[in-house]
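So the structure is just underneath, and the comments pick up after that.
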Amino acid sequence: MKKTFLFSAAVLLSAIGFAQNIDKIINAKEVERIEQTLSSDEMQGRRIFTPGIEKAAAFISEEFKKIGLQTLNNTSTYLQPFSLIRPKQISCTGVVDGITLNPAKELIVVPGKETVSADEKSGYEKVSIAPGLNLITEARKYVNQGKSYLVVVDTSYTKLFAGLARFKNQVYRSEFSTIFVLSAKIPGTFSVEAKHEFAEQKLANVVGIIPGKSRKNEYVIFSGHYDHLGIRQMKDSSGKILPDSIFNGANDDAAGTTAVIMLAKYFKELKNNERTLVFAAFTGEEAGALGSTYFSRQFNPAEVVAMFNIEMIGTESKWGTNSAYITGYEKTDMGKILQANLTGTGFTFYPDPYTAQNLFYRSDNATLARQGVPAHTISTSKMDSEPNYHKVSDEIGTLNMANMAMIIKAIALSSRGIVSGKETPSRVDTSSLR
């Protein structure tokens, strides 16, 4: 395995020598430097609204500054600030087909504004979530979509229904709300009244760009999320408090953020991008893709040519080294374009082997993908058996720095046609999303 890895590495480096010695820019030592900083105890697990995540944002901003990236929209900072709106429910009542709902168990209102008053004449589209699906994934389709929905959730989800309250936290106010009702059938008539108080908390993505030469209004996005779970008191099976309580998030997703920084440095020195390149480190992914939702809505999706979202590339994939998978591989031809550019390198991008988990719509690529953008996540995480996923053991010592560097190099090489404007991926067919 080691000999195969070294041979493939040599072939890959030779293949990209047409531009420059990429190894001077993207190498295991530099990958480890960035990864070590982002996943250190000093960052306190990078939970939102903590000093730790502010330190991480400052570090990423400084890296972007050293690289020489421009700020988005010529602002004075790489930070892209926005507010998380947290509604506090004051009152909530609901009636469907003459039957009064129990607001604690059968009714959840995700408000776009403080007062929601809705019935069958209010323009709410009635939809349903059938049994046997991923409830959170399906529910996400009807939140923040620029439309008001009455979502009827089948009673088979009774034990999971309360979890839909996670969608109450929004990144902006709107005229549209989503009402979830636990019911065995779509009602003919309904009436819902709800009042909330809104509190706002500040968040920030970190974003830098390299303007395109001839196609400035065509965007290629490279992204990853820099937040994680923070500090939590953990106990063993006997109830004893464990000494390590920091969720360092080395793989999830300091690894992806490291890749974004490395790719920014590479393309800045390459200087051949005809399209505008956007490098984004998102906040709030663990809290419901908050940062990427806000970020994505600042772009006209028709102008976004491709999105490379990078998440958990620190461990070997199920196929071993020199490989990664692309979520939603079959939804566009972007994966085929990338793989064609890797011919002869020994590196392979595979289709997502975990399709039952619907990863394509579970990461930061989802908002733009739902709008037709060829926005895919690249990962190596073995989602059926990743031992350190969302655990305090997700530390840098569990990662393969050399393989991480090779994956980042493969992304750089495979994306060159898209970056230069010579290749354009097909769009996601959005007609079947509803």
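The values are calculated or read from the model by the stated rules, or taken from the named source; none is laboratory data. Bear in mind that the values here come from a model prediction, so they are computed numbers and not experimental data. Positions of Cβ are backbone-derived with ideal geometry, glycine not excepted, and every protein chain shown enters the neighbour counts.
If I filter segment 361-382 down to residues being within 13 Å of Glu138 (Cα to Cα) and surrounded by fewer than 24 Cβ atoms within 10 Å (Cβ to Cβ), which single residue comes out as modelled with the highest pLDDT? Going through the qualifying residues, I end up with Arg370.
Taking each residue of segment 171-197 that is in the same structural domain as Lys147 (by TED's automatic domain parsing) and buried (at least 22 other Cβ atoms within 10 Å of the Cβ) and looking for partners that are part of a loop (DSSP other than H, G, I, E, B) and modelled with pLDDT under 95 with beta-carbon atoms closer than 7 Å, six or more apart or interchain, yields Ser177/Gly112; Thr178/Tyr142; Thr178/Val143. Can you name every residue in segment 90-134 that is at positive phi and either in contact with a Cys (Cβ under 8 Å, 6 or more places away or on another chain) or surrounded by 11 or more Cβ atoms within 10 Å (Cβ to Cβ) (or both)? Listed by number, the list holds a single entry, Asp97.
How many residues does segment 345-357 contain that are at pLDDT below 95 and within 12 Å of Ser414 (Cα to Cα)? Adding up the residues that qualify gives 1. Restricting the first member to segment 119-138 and to residues that are β-branched (Val, Ile, Thr), and the second to residues that are at pLDDT below 95, the beta-carbon pairs closer than 6 Å and six or more apart or on different chains are Ile129/Glu138; Thr137/Asn358; Thr137/Tyr361. What are the residues in segment 36-70 that are of a type in the set (S, T, N, Q) and in contact (Cβ under 8 Å) with a residue 24 or more places away in the chain, if any? If the condition is that a residue be of a type in the set (S, T, N, Q) and in contact (Cβ under 8 Å) with a residue 24 or more places away in the chain, then Gln36, Ser39, Ser40, Gln44, Thr50, Ser61, Gln70 are the ones that fit.
If I filter segment 12-19 for residues that are aliphatic (A, V, I, L, M), modelled with pLDDT of 95 or more and crowded, with 16+ Cβ neighbours inside 10 Å, do I get at least one hit? The answer is no; no qualifying residue exists. I'm checking my understanding of the structure. Among residues of segment 227-279 that are farther than 28 Å from Val305 by Cα and acidic (Asp, Glu), which one is modelled with the lowest pLDDT? Checked segment 227-279; the qualifying residue modelled with the lowest pLDDT is Asp236.
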